[in-house]
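The values are calculated or read from the model by the stated rules, or taken from the named source; none is laboratory data. As the structure is a prediction and not an experimental result, all values here were calculated from the model. Cβ atoms come from the backbone with ideal geometry, glycine included; neighbour counts cover every protein chain shown.
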Amino acid sequence: MTNLYDSLPTCRSPQVTIVGAGNVGRTLAQRVAEKNLADVVLIDIVEGLPQGVALDLIEAQGIESHDSQIIGTNNYEDTAGSDIVVITAGLARKPGMSRDDLLQVNAKIVYEAAQKAVKQSPNAVFIVITNPLDVMTYLTWKATGLPHQRVMGMAGVLDSSRLQTFIAMELKVSTADVTTMVLGGHGDLMLPLPRYCTVSGVPITELMDAATIERLVDRTRNGGAEIVKLLQTGGAYYAPASSASLMVESIIRNQSRLLPTAAYLQGQYGLNDIYLGVPCHLGCRGVEKIFEVNLTEEERSALHVSAESVRENLKIALAGVGLTPTTVG
């Protein structure tokens, strides 16, 4: 007797592949699963590591009351058909090491991972977390050959969250009432915009003096380094994972959240052929729209200085994976 349901389409949950089972990757897997956003495939080159992490997370499923499936693997074939691929793989920062010091080693790791992942999931949206972020996002775009709208980097959400936290701590208010915006490269030359930072709609320029604002801006620029110094081994992972989870949620649920994202620029802000942090709508197709906020001449100049720093590193990274540096505009 034929089962009536045999002729129906196979049901499937959204699937997110996370490349790298380190602290960021495993924490992101936990965030995605426990928010019931998608099933998770956690992949790493270390045998047993992603399998162990996945088993540990799935054993908490009944306690956390979620239905997401989590598997760990060393085989990219197990990632097939993913809706989103998040690349976290790479060397973590050590004390005294800048994001840019990671350039050579992480370029090869990310480029190879992106090539393998896109073969299994050609329709996926890619989110890059590995540092130096803007450069690695560009390399992922080159490695996958995907439309640039479907490749982006997680940076501005994290940087904006750090500034949000520091403002709330300074003013002794809830972070829920603080809105911030940080543009530019994910590094020491990032561009926090105090004019666009508010507390319940009130610009922080009316709540704090210039010296205090500059102190908080400087702490934001060095937010990752501050944590690396305190930990002594490894870097931040809770806040980066939460930031990536927010981006995954906006894409999976087609929320079109306006989030600062490392996106490919084609003339916006006077910049071309570069990935840089700017305000974007994120939906099911990836970066659906880039917004150009009004910048002062000083802010615009700072953004271009940040972009130039990214370009210099990008030339080195492209050469390191066998691509012609002249492809950079």
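Among the numbered conditions (1) closer than 20 Å to Ser160 by Cβ; (2) part of a helix (DSSP H, G or I); (3) more than 13 Å from the chain's Cα centre (by Cα), tell me where Leu230 comes up short.
It is condition (1) that Leu230 fails.
Given the criterion without any contact (Cβ under 8 Å) to a residue 40 or more places away in the chain and either assigned to a helix (DSSP H, G or I) or within 17 Å of the chain's Cα centre (by Cα) (or both), identify the matching residue among Leu303, Leu258, Leu246.
On the way: Leu303 fails: without any contact (Cβ under 8 Å) to a residue 40 or more places away in the chain; Leu246 fails: without any contact (Cβ under 8 Å) to a residue 40 or more places away in the chain.
On inspection, the qualifying residue turns out to be Leu258.
From the set of residues in segment 9-39 that are aliphatic (A, V, I, L, M) and farther than 15 Å from Met247 by Cα, which is surrounded by the fewest Cβ atoms within 10 Å (Cβ to Cβ)?
Initially, segment 9-39 is screened for residues aliphatic (A, V, I, L, M), giving 16, 18-19, 21, 24, 28-29, 32-33, 37-38.
In the following step, the residues that additionally are farther than 15 Å from Met247 by Cα were identified as 19, 21.
On the way: Val19: 29, Ala21: 26.
Only one residue fits best here, namely Ala21.
Within segment 144-159, is there a residue that is without any contact (Cβ under 8 Å) to a residue 60 or more places away in the chain and assigned to a helix (DSSP H, G or I)?
yes
Mind checking whether some residue in segment 172-179 is in contact (Cβ under 8 Å) with a residue 60 or more places away in the chain, within 23 Å of His281 (Cβ to Cβ) and among the hydrophobic types (A, V, I, L, M, F, W, C)? If you could, list the steps in order and put the result at the bottom.
To start, the set of residues in segment 172-179 that are in contact (Cβ under 8 Å) with a residue 60 or more places away in the chain comprises none.
For segment 172-179, residues in contact (Cβ under 8 Å) with a residue 60 or more places away in the chain, within 23 Å of His281 (Cβ to Cβ) and among the hydrophobic types (A, V, I, L, M, F, W, C): absent.
Those residues that are at pLDDT 95 or above and hydrophobic (A, V, I, L, M, F, W, C), I need them from segment 137-162; list them, please. Spell out the reasoning first.
Initially, segment 137-162 is screened for residues at pLDDT 95 or above, giving 137-154, 157-162.
Scanning segment 137-162 gives Leu139, Trp141, Ala143, Leu146, Val151, Met152, Met154, Val157, Leu158.
Going by what's in this entry, would Arg311 be described as of a type in the set (Lys, Arg) and within 21 Å of Leu103 (Cβ to Cβ)? Reasoning before the result, please.
Numbers: of a type in the set (Lys, Arg): yes; within 21 Å of Leu103 (Cβ to Cβ): yes.
Considered against the rule, which asks whether it is of a type in the set (Lys, Arg) and within 21 Å of Leu103 (Cβ to Cβ), Arg311 comes out as yes.
Yes/no matrix, rows are residues, columns are (1) of a type in the set (S, T, N, Q); (2) exposed (fewer than 14 other Cβ atoms within 10 Å of the Cβ):
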| position | (1), (2) |
| --- | --- |
| Gly187 | no, no |
| Leu193 | no, no |
| Asp209 | no, yes |
| Thr212 | yes, no |
| Val228 | no, no |
| Ala239 | no, no |
| Asn254 | yes, yes |
